[in-house]
Amino acid sequence: ALIIGISKYDHNNKFQDLEFCENDANEVYNILKDQGYDIPANAMLVGREEWSKMRDEIIKFFTDRTLKPEDTLFFYFSGHGYLDRNTGRTYLSTSEIHPERPQSRGIPFDELTTYLNLSCSERIIAVLDCCYSGALEVHSEGKEAEDEYMKAEKGEEIASLANTNMARTVERLIKSEQGKCVLASSLEEQRSFGMKDQPYSLFTYFLIQGLKGANGESVDINGYVTPELLGSYVNKKILELDTIKQKPIRKIDTTSQIILAYYPDLVNRQQQQQASQKDYLLQLLKEGK
């Protein structure tokens, strides 16, 4: 696994520091480490990270020639995403990213696409938990402070463009039937990014619960957490929140099963749930319903 949580930004007048991104990364690390993933020290990037190091580690992670097709790769990023409205390109933000020159210190999504598709592994999941508030810039003549209404309106416009760009990128990230999966957050505004009363982002909070098995909700009858079940669980939980306008993006294209985590203790619970559902359906049939 390669885990990135960027919480510190040099240009924090435009890119707000995101303390929970470090918490996100640390908790994902703990779960994957417990599940037996190989995560060397250089594959855990949190806090403040420079462009050159982050880019080098991403390249090495995906293009390592010692990888085998059956190896499972888990790539996780939590931090600012940046939509360049002049070029339409979207970037993963390093700590050094500059709002006026994102191409020099940001990592374009299409570059990530290239590295991911060069990998020898046929079992890859990429999780992108990105906030686009760093791209928000409103010029108001005669005002020193930006009007809150204008910020919200412009923020929704930027988020819509960013989300459209994200969806297109996800489509390009995966070549057909190569065992690659992408789960991505999709956010309207900064205040929707953090999970209330939790030290994590909204998207990653439910991702964490799903990776832990979610009391049987995200595992199959064998106790496996798969990308399909994980993505369904995260989507369901976020869409149940009436106050949050967020529609996560997911694309799963694989011909073989990808196992992300294993919880044998949840097998009985899953079987009990299925047995209960079966009994209920049989009762409905008996009653002619």
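The values are calculated or read from the model by the stated rules, or taken from the named source; none is laboratory data. Since this is a predicted model, take the numbers as computed values, not measurements. With ideal geometry, Cβ positions are generated from the backbone for all residues, glycine too; neighbour counts draw on all protein chains shown. Keep in mind that these areas ignore ligands, DNA and RNA; they rest on the heavy atoms of the full protein, side chains included. Shrake-Rupley method; radii C 1.70, N 1.55, O 1.52, S 1.80 Å.
Structure above, values below:
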{"read-out": "Neighbours by Cβ (under 8 Å, 6+ apart or cross-chain): first from the stretch 5-17, free of Cβ contacts under 8 Å to residues at least 12 places away in the same chain; second open to solvent by less than 80 Å² (accessible area, probe 1.4 Å)", "value": "Asp17/Ser7; Asp17/Lys8; Asp17/Tyr9"}
{"read-out": "Strands (runs of 3 or more DSSP E) contained entirely in the stretch 1-104, each with at least 3 residues that are open to solvent by less than 10 Å² (accessible area, probe 1.4 Å) and among the hydrophobic types (A, V, I, L, M, F, W, C)", "value": "2-6, 72-83"}
{"read-out": "Every residue from the stretch 201-224 that is in contact with a strand residue (DSSP E or B) (Cβ under 8 Å, 6 or more places away or on another chain) and within 13 Å of Val127 (Cβ to Cβ)", "value": "Ser201, Phe203, Thr204, Leu207, Gly210, Leu211"}
{"read-out": "Failed condition for Leu282, given (1) in a helix (DSSP H, G or I); (2) modelled with pLDDT of 90 or more; (3) not polar (S, T, N, Q)", "value": "(2)"}
{"read-out": "Pair list, Cβ < 8 Å and 6+ apart or interchain, from the stretch 106-127 residues that are free of Cβ contacts under 8 Å to residues at least 24 places away in the same chain and more than 15 Å from Gly179 (Cα to Cα) to residues that are among the polar types (S, T, N, Q) and crowded, with 23+ Cβ neighbours inside 10 Å", "value": "Pro108/Thr90"}
{"read-out": "Enumeration of residues in the stretch 201-218 that are part of a helix (DSSP H, G or I) and not aromatic (Phe, Trp, Tyr)", "value": "Leu202, Thr204, Leu207, Ile208, Gln209, Gly210, Leu211, Ala214, Asn215, Gly216"}
{"read-out": "Considering residues of the stretch 19-50 that are modelled with pLDDT of 95 or more and of a type in the set (Phe, Trp, Tyr) only, the residue nearest to Pro102 (Cα to Cα)", "value": "Tyr29"}
{"read-out": "From the options Ile221, Ile249, residue that is of a type in the set (A, V, I, L, M, F, W, C), more than 18 Å from the chain's Cα centre (by Cα), surrounded by fewer than 21 Cβ atoms within 10 Å (Cβ to Cβ) and at pLDDT below 90", "value": "Ile221"}
